[in-house]
Amino acid sequence: MGKILVVAKNLSKYFTALERLLLVSLAVWCVHIVLRVLLLFRTNPYGFPFVSKPDWFIFHAVCIDFLWIINSLILFLLLSVILNKVLNKKNAQEPSNKVTKTDKILIFIYGIFHSFILLFTLLDNEVQRFLGCHLSFGLIDTYKDTSSLVMFWDYVAHDTSVPFLQFFVLVLMLPVAYAIYRLFLKFLIPLKIKRSVIAMACFYLMSFLFVHYIWTGNGRMTKLRPIVGLVYRELFQQTEKKTLSEQELLAYSSMYQALWQKVEGDTLWKFPGNSLKTNSPLYRIPTQTLLENEDLKKRRAEKSNLIVIFMESERGLNVGCLNPELRPSPTPFIDSIAEYSHLWLRMHTSGLPTTGGVLTSHFGISDHSTLATATDLAHVSLPSFASVLTDSGYVTHYFSAADPAWDNLGVWMSKWYTAQHYNREREDDSTFFDHVIEYVSDSLSKQDKPFLATVITRSNHYPFNFAAGMPDSEKEKPLTERINYTMNYADRQVARFIRSIENKDWYKNTYVVIMADHGFPLGENGASTMKGNAFSNATWIPFLIHGKGVLPMRDTTTAAQIDIAPTLLELLGFAVPNIFMGHNLLRNYGEGLSLGAYSGLSAIGFENYRLISKPAADSLWLFEEKDTHQKKNLSEQNPEKVKYLKAILDSLITLADYSLERGI
């Protein structure tokens, strides 16, 4: 054995530049694996799991890191070849395995490059644990004040995982990487490098297929984005932060505020002073008249409970109460409760997919037109109807059948809610609602405080085969038929939940809201994917409010998820300063306005028309609002209406983006 080690040591000096770069890459990859484990399998600083399913992330993380490390290796190898060709022409006859001075410099630079990447990877990991978002230029701009360093130290000291572990990792990771490299250099006999190269090539191919084709997932890929990907995205792909000059801000503010007051139809809210002083053109406050309104005071004094149910992918096109001609209806329970509720017939999402729908419903602003709000803007402070209720003494709980950490929703809910509920053993709506029924009945309803329970289902999710007990004969049907089965299954679980509580005394003082996070395209309008879609197959959703004093009505007011936050708060008697772009839908005034942004597309509903805009393709579609199935495009017949609505839409989207990036 000793002779083998001596031979290996003597041979190590003959490692070529390629082989040494390979060994550096493997050593760095090993350290990245450790960093990924420390990120995914630990809790965040507040005691909650960073991800609820680390086993669903770790293999992707290992593959993603291997891919970018090998890509960087290839770039340095190409640079090595070019520089050696240019600088070492006179030494062309020397043995090919000799490491030139140029190679040594490149190997050193390659090591320094990875050292910086490791340092920033650790920083990015900690930013994700503390703030829920990746390291970005926008984040640095937000926390550039020196007081942030004091806050960071305080957070680290009170980390419920392992306090100050970050600093131990910071000190040790580069020496460990170098030690691993030296071990490889010492024990890997050069003759085995060829086998290693073949193995690495095979693993590279398998990693690429695994990450991009075999087991994909946008939320997971976003959370696992490596630091090199973040930098590339910030420099070359990220849209510049919305900036407005003073004149532009004042002009946009004036336009928006006049439009908002026109749609609202009364003067119970006012926009205080100059937008430059309030730092938000959306900021509005209730007038004294509204605050002294007896009906508002009465509702607030009643301290009513609120149950908000988001139905996963609940297409308006498949909901019976929105389509009287649909027989049989996949949603008999929603249809039945709608008979005794205020039902909006023209409600649209304000963002896609689930993150867009859920977040815009909470903070009342249309989704960002280019950024992923859930991840890219997680560091921004945006109040929601839930946070207002929490601050007002409500006990607020968020129940999700799907992992909220998957797409970063958990980070936002931790800002707004008292507690979150998720368990990977309860991902089917049946077992999920068993828990919701038990917890709401035995815990929330028995506290001395009013409660908010926000519930998000899962079983009606693409590819529409998650319903427990779904027979193979149903799973083999086309998507257009499978969705009817899973929608019906989810409908039955919601029915079971409501029927289990409707005879409780506390239920008499409870409002129930049923809606969808979004719809789902199944080929209508030529669209079959969520990305880049703004047609009604993806955006038209059910929305109803059921409870005491809510008169049954089939409302044709144009509405969107940005209206939900102000509507629910005033329903419960709260009128607080806010930056909601939406309106109180219970005011029963006018024709309404809807607004949404959907991955490069945007849409507005106003004055009985709905305009869909896709700037990248210079495409515009115009439909009458009553044409909820959007069968007749009127854009060519009404160019003036298109131009008019497009100008309003572009202005509102600009203001929404500007406001989301700055928060309050």
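List every residue pair whose Cβ atoms sit under 7 Å apart, with the two residues 6 or more apart in sequence or on different chains, where the first one lies in segment 26-42 and is under 12 Å from L224 (Cα atoms) and in the same structural domain as I58 (by TED's automatic domain parsing) and the second, anywhere, is small (G, A, S) and buried (at least 18 other Cβ atoms within 10 Å of the Cβ).
R36/A61; L40/A61
Of (1) of a type in the set (A, V, I, L, M); (2) within 23 Å of N218 (Cβ to Cβ); (3) free of Cβ contacts under 8 Å to residues at least 60 places away in the same chain, M530 satisfies all except one. Which?
(3)
I'd like to know if segment 560-572 contains one or more residues that are part of a helix (DSSP H, G or I), surrounded by 15 or more Cβ atoms within 10 Å (Cβ to Cβ) and of a type in the set (S, T, Y).
At the first step, the residues of segment 560-572 found to be part of a helix (DSSP H, G or I) are 561-571.
Then drop every residue that is not surrounded by 15 or more Cβ atoms within 10 Å (Cβ to Cβ), which leaves 561-571.
This time we only want the ones that are of a type in the set (S, T, Y), so: 567.
Yes, the conditions are met somewhere in segment 560-572.
Taking the stated definitions as given, is K90 part of a helix (DSSP H, G or I), modelled with pLDDT under 85 and farther than 30 Å from F130 by Cα? Give the steps one after another, and end with the answer.
Working: part of a helix (DSSP H, G or I): yes; modelled with pLDDT under 85: yes; farther than 30 Å from F130 by Cα: yes.
When the stated conditions are applied, K90 passes them.
Can you report the number of residues in segment 596-615 which are out of contact with any helix residue (DSSP H, G or I) (no Cβ under 9 Å at 6 or more places or on another chain) and not in a strand (DSSP E or B)?
The total comes to 1.
When you go through (1) at pLDDT 95 or above; (2) closer than 25 Å to G519 by Cβ; (3) surrounded by fewer than 16 Cβ atoms within 10 Å (Cβ to Cβ) one by one for I648, which number turns out not to apply?
(3)
Could you please find all residues in segment 46-78 being touching a Lys or Arg at 6+ places or on another chain (Cβ under 8 Å) and surrounded by fewer than 18 Cβ atoms within 10 Å (Cβ to Cβ)?
Passing the criteria: K53, W56.
Of the numbered conditions (1) within 17 Å of L40 (Cα to Cα); (2) surrounded by 14 or more Cβ atoms within 10 Å (Cβ to Cβ), Y178 fails exactly one; give the number of that condition.
Against the list (1) within 17 Å of L40 (Cα to Cα); (2) surrounded by 14 or more Cβ atoms within 10 Å (Cβ to Cβ), Y178 comes up short only on (1).
Looking for something within 18 Å of L655 (Cα to Cα) and surrounded by fewer than 20 Cβ atoms within 10 Å (Cβ to Cβ) - is there at least one such residue anywhere in segment 624-639? Full working, then the answer.
So the first thing to find is which residues in segment 624-639 are within 18 Å of L655 (Cα to Cα), and the list is none.
No, segment 624-639 contains no residue that is within 18 Å of L655 (Cα to Cα) and surrounded by fewer than 20 Cβ atoms within 10 Å (Cβ to Cβ).
Report those helices (runs of 4 or more DSSP H) wholly inside segment 180-234 carrying at least 1 residues which are of a type in the set (S, T, Y) and in contact (Cβ under 8 Å) with a residue 40 or more places away in the chain. Steps first, please.
Numbers: elements: 193-209, 218-223, 227-232.
In segment 180-234, 193-209, 218-223 are the helices (runs of 4 or more DSSP H) which contain 1 or more residues that are of a type in the set (S, T, Y) and in contact (Cβ under 8 Å) with a residue 40 or more places away in the chain.
Quick one: S369 ticks every box in (1) touching a Ser or Thr at 6+ places or on another chain (Cβ under 8 Å); (2) on the phi > 0 side of the Ramachandran plot except a single one, so which number is it?
(2)
For segment 274-312: of the residues being among the β-branched types (V, I, T) and free of Cβ contacts under 8 Å to residues at least 60 places away in the same chain, which is surrounded by the fewest Cβ atoms within 10 Å (Cβ to Cβ)?
Kept after step one, since they are among the β-branched types (V, I, T), are these residues of segment 274-312: 278, 285, 287, 289, 307-309.
Now narrow it down to the ones that are free of Cβ contacts under 8 Å to residues at least 60 places away in the same chain: 278, 287, 289.
Working: T278: 18, T287: 15, T289: 11.
This residue is T289.
Taking segment 335-388 only, how many residues are within 16 Å of L409 (Cβ to Cβ) and small (G, A, S)?
Looking only at that region, the number is 11.
Examine segment 623-641 for a residue that is more than 26 Å from P281 (Cβ to Cβ), assigned by TED's automatic domain parsing to the domain that holds L359 and among the β-branched types (V, I, T), and state whether such a residue exists.
Taking segment 623-641 first, the residues more than 26 Å from P281 (Cβ to Cβ) are 623-640.
Cutting the leftovers down to assigned by TED's automatic domain parsing to the domain that holds L359 gives us 623-640.
Cutting the leftovers down to among the β-branched types (V, I, T) gives us 628.
Yes - at least one qualifying residue is present in segment 623-641.
How about segment 313-327: which of its residues are touching a residue at least 60 places away in the same chain (Cβ under 8 Å) and among the aliphatic types (A, V, I, L, M)? Quick ask: steps written out before the conclusion?
We begin by selecting, within segment 313-327, every residue touching a residue at least 60 places away in the same chain (Cβ under 8 Å); these are 313-319, 321-322.
Residues satisfying the conditions are L317, V319, L322.
Filter segment 328-373 for residues that are free of Cβ contacts under 8 Å to residues at least 60 places away in the same chain, outside any loop (DSSP other than H, G, I, E, B) and of a type outside the set (S, T, Y) and give the result.
Correct list: D335, L359.
Determine which member of the set G592, G600 is more than 14 Å from L343 (Cα to Cα), at pLDDT 95 or above and in the same structural domain as P383 (by TED's automatic domain parsing). Talk me through it step by step, then tell me what you get.
Numbers: G600 fails: at pLDDT 95 or above.
Only one candidate passes the filter, namely G592.
Given (1) at pLDDT 85 or above; (2) under 25 Å from the mean Cα position of the chain (by Cα), identify the lone condition not met by G111.
It is condition (2) that G111 fails.
If you check every pair at least six apart or on different chains, which have Cβ atoms under 7 Å apart with a residue in segment 257-273 that is under 17 Å from G592 (Cβ atoms) first and a residue that is among the small types (G, A, S) and surrounded by fewer than 18 Cβ atoms within 10 Å (Cβ to Cβ) second?
V263/G590; G265/G590
In segment 393-406, which residues are within 19 Å of T43 (Cβ to Cβ) and either among the aliphatic types (A, V, I, L, M) or under 13 Å from the mean Cα position of the chain (by Cα) (or both)?
The initial filter retains those residues of segment 393-406 that are within 19 Å of T43 (Cβ to Cβ), namely 398, 400, 403-406.
D403, P404, A405, W406 - these are the residues of segment 393-406 that are within 19 Å of T43 (Cβ to Cβ) and either among the aliphatic types (A, V, I, L, M) or under 13 Å from the mean Cα position of the chain (by Cα) (or both).
Filter segment 384-398 down to the residues that are buried (at least 24 other Cβ atoms within 10 Å of the Cβ) and in contact with a Ser or Thr (Cβ under 7 Å, 6 or more places away or on another chain), then identify the one that is nearest to M470 (Cα to Cα).
Y398
Would you check if there is a residue in segment 616-634 being touching a residue at least 40 places away in the same chain (Cβ under 8 Å), within 24 Å of A374 (Cα to Cα) and not in a loop (DSSP other than H, G, I, E, B)?
Scanning segment 616-634, I find no residue that is touching a residue at least 40 places away in the same chain (Cβ under 8 Å), within 24 Å of A374 (Cα to Cα) and not in a loop (DSSP other than H, G, I, E, B), so the answer is no.
For segment 629-650, which positions are among the hydroxyl-bearing types (S, T, Y) and touching a helix residue (DSSP H, G or I) at 6+ places or on another chain (Cβ under 6 Å)?
Narrowing segment 629-650 to residues among the hydroxyl-bearing types (S, T, Y): 635, 644.
Within segment 629-650, just S635 meets the criteria.
Looking only at segment 587-614, which residues are more than 23 Å from R662 (Cβ to Cβ) and either of a type in the set (S, T, Y) or surrounded by fewer than 19 Cβ atoms within 10 Å (Cβ to Cβ) (or both)? I'd like the intermediate steps shown before the answer.
Keep residues of segment 587-614 that are more than 23 Å from R662 (Cβ to Cβ), which gives 587-592, 594, 601, 603, 605-614.
Once the filter is applied, which keeps residues that are more than 23 Å from R662 (Cβ to Cβ) and either of a type in the set (S, T, Y) or surrounded by fewer than 19 Cβ atoms within 10 Å (Cβ to Cβ) (or both), segment 587-614 yields R587, N588, Y589, G590, E591, S594, E607, N608, Y609, S613, K614.
Could you list, in sequence order, the residues of segment 246-274 that are farther than 24 Å from A559 by Cβ and not polar (S, T, N, Q)?
Once the filter is applied, which keeps residues that are farther than 24 Å from A559 by Cβ and not polar (S, T, N, Q), segment 246-274 yields E246, E248, L249, L250, A251, P272, G273.
For segment 401-518, which fully contained helices (runs of 4 or more DSSP H) count at least 1 residues that are in contact with a Cys (Cβ under 9 Å, 6 or more places away or on another chain) and surrounded by 20 or more Cβ atoms within 10 Å (Cβ to Cβ)?
Hits in segment 401-518: 409-416.
The values are calculated or read from the model by the stated rules, or taken from the named source; none is laboratory data. Nothing here was measured: the structure is a model prediction, and the numbers come from that model. Because the Cβ atoms are built from the backbone with ideal geometry, glycine has one as well, and the counts that use them run over all protein chains shown.
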